[in-house]
Amino acid sequence: MTDNPHDDNPRRRDFLYIATGVVGAAGVCAGAWPFISALGPDAETIANGAPVDVNLEPIAEGQIAKVLWRGRLVFIRHRTAEEIQKAKDLPVSAQLDPQEDSLRVKEGHEEWLVVFGNCTHLGCVLLGHEGQHGGWSCPCHGSEFDTSGRVTRGPAPSNLPVPDYVFLDGGTSIRIGVSSPDQTV
Amino acid sequence: MQDFSDKWVPTNRVIKWIEDRLPILGLIYSSFIAFRVPRNINYWWTFGAVLLVMLVIQIITGLFLAMGYVPGTATAFDSVVHIDRNVNYGELIRSMHANGASFFFIAAYFHILRGMYYGSYKAPREILWIVGVIMYFIMMGTAFLGYSIVWGQMSAAAATVITSVFKAVPLVGETLYEYAMGGYAVGNPTVIRFYALHFLLPFILVGFTIIHVWALHVVANNNPAGVEIRTRRDTLPFWPYMILKDLVMVGIVLFIYAFVVFFLPRALGHAINYIPADLTVSPDHIAPEWYFGPFFTILRAIDNTMVGIIAMFGAVGILVFMPWLDRSPVKSARYRPVYRFFFLTWVFSALVLGWLATKSTDGSGVFAWIAHIVSGSPVDEGCYKLLAQLATAWYFAFFFPILPIVSLLEKPKPVPASIAEDAVAHLPKVKTPPQAPIVQSQQD
């Protein structure tokens, strides 16, 4: 039992064991870090994800423009007066994720609805001017959204998210990806 | 388990010299020549060999496709067309690879159904079974990645739909998604890493194949009688009996495979995947390849996204628990009429789910129909969603609670005393003249 000369000092052994283990674990973490980090968005992807400016002038009333920001589809919908009214009149009972239309558009710019264009269920691209409320419908599983991008029929669980954006040049264009006009990314 | 196999004794001096240092030839001999299998196993036991052949075909054809394929959103689709049109026999090799996936899955499904029917998941084969389920998951992942990197319209839809699984993870979903995609959405980095993984996973599958075969060789094959090997009389050597039987089925499958590859190369695919991917447009109707049909329908049948995703993966994952959900001491469904009935209804539910994947799930679900019956509230036209939900419910109900209850209450029929007795009972009836009684020699 006394073969090991350090047996008389077990706490020293324990300390060395644990200390070595900690250094080893730290080394494994440090070694794994670059590889995990390499999986994330690279510098080019981040640079390409900068805010985009969109000129609204060519978008006619009733039209839905498609814009890609960060590889994600964004719908810019120039709503007609009738569509705005329908969005305002939609009863809460018809909404699966109730929200005021006024919270989904910028004040004074009710004719412009800016929402992400992929279904909140599984990401299929929505078809415009379809569904019971004339907003969007999903070709995959039949979800429907109204003219404010609010879900009115499942399986989609939530409303179409509104990206950060601001109006520029007195409302003739928007910048998607910023929450205030003087923000720089 | 007792080992009844013949031992290999090398006589050649050179081979003996090698064998003393690395007994690899002896390992091959004992694993694939002398290995004893139950003498009563039927053609359902040949699909393991078919799977191995399909895996090899996929790896070889995949290697050649990799020499022409250029990953990335800008190049992937064009390079696939380039392989089809410009590479010598490129269209053939790609047809072999694309249709090979289908035949790989056909063999896997027969293999899994065989295991479920004859109780191959039960003690002592639980780990063999679980390794098989893991392999099936890897196979599904590989097939999904391979389909995505073609980067046609349906590829993009598949990649978008399936990767949204990451987003559904609570709290860290968005970050996890960005790290899985290499960006903020499915894009160029995604396609490139999918390609890298698509190349890697088949070799991991090869590794698991070795573990699967190893586990098999520890516990030996199950058999249609579901009773264990007890004497050498119960067995036959792998060569020539099993290898030749395997080759018959491999030949049949390859014949059908070749017919599809040559004459129906596009029959199992979607025409829309010949349109380059465009993330701003979804195909009118999204459907996966047939082999994912049941899981896709389960995903769509459930309105809650997170529950739907869990159910989709759970539909395969639940197989892991089969050895413990089934409490019956009898393995083979041949002697379990009640289990057999419910098993066949389960197979039917899976087929219905697969068929529904080709349909739109418009219509009302179970709850809307219950409300309709109770209070007369309106229901949408179309019954596909209702059907999908009922079939999904039955799919899971088979595992729980039907399986535990049936296995506890069912009174099985008497099982044969031994494999040899079962084998003799199934010999073809000979009329006249009466043959000499079948005496089992000690030497086979």
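Every number in this text was worked out from the coordinates using simple rules, so none of it is lab data. These numbers were taken from a predicted model, which means no experiment stands behind them. Cβ sites come from the backbone with ideal geometry, for glycine too, and all protein chains shown count toward neighbours.
Annotations for the structure displayed:
- Neighbour net charge for B:K413 - beta-carbon separation under 11 angstrom, K R +1, D E -1: +3
- Three semi-axes of the equivalent ellipsoid, segment B:222-305, Cα gyration tensor, whole Å, largest first: 43, 23, 8
- Evaluated at q = 0.06, 0.10 Å⁻¹, a Debye calculation over the C-alpha positions of the protein assembly as shown (equal weights, vacuum) places log10 I(q)/I(0) at -0.45, -1.06.
- Free-standing Cys, the protein assembly as shown [no other Cys Cβ under 4.7 Å]: A:C29, B:C383
- Convex hull volume per residue in cubic angstrom - Cα atoms of chain B: 213
- Relative to the longest principal axis of the Cα atoms of chain B, the long axis of helix B:47-66 lies at roughly 50 degrees.
- Note on B:I373, B:I83, B:I192: ascending count of other Cβ atoms within 10 Å places them as B:I373, B:I192, B:I83, the fewest first.
- Taking a sphere under 13 Å around the Cβ of A:E107 and counting the other residues whose Cβ falls inside, with K and R at +1 and D and E at -1, yields a net charge of -2.
- Here r is the Cβ-Cβ distance between B:A271 and B:T231 and R0 is 60 Å; the resulting FRET efficiency, rounded to 0.05, is 0.55.
- Globularity index of segment A:46-176, i.e. its alpha-carbon radius of gyration over 2.2 N^0.38 Å: 0.99
- The residues A:L160, B:L171, A:L168, when put in order of fewest to most other Cβ atoms within 10 Å, stand as B:L171, A:L168, A:L160.
- Gap separating the Cα centres of segment A:60-80 and segment B:219-281, nearest whole Å: 49
- Counted charge near B:A287, where neighbours are those whose Cβ lies closer than 11 Å (Asp, Glu -1; Lys, Arg +1): 0
- The label point for B:F137 and the one for B:N88, both projected 7 Å from the Cα toward the Cβ, are 4.4 nm apart.
- Cα gyration tensor category, rounded, prolate or oblate, for segment A:107-185 with a/c compared to 1.5: prolate
- Put the Cα centre of segment A:106-127 next to the Cα centre of segment B:159-207 and the gap is 25 Å.
- Note: relative contact order over chain B, using C-alpha pairs below 8 Å and six or more positions apart, is 21 percent.
- Note on B:R300, B:R232: ascending count of other Cβ atoms within 10 Å places them as B:R232, B:R300, the fewest first.
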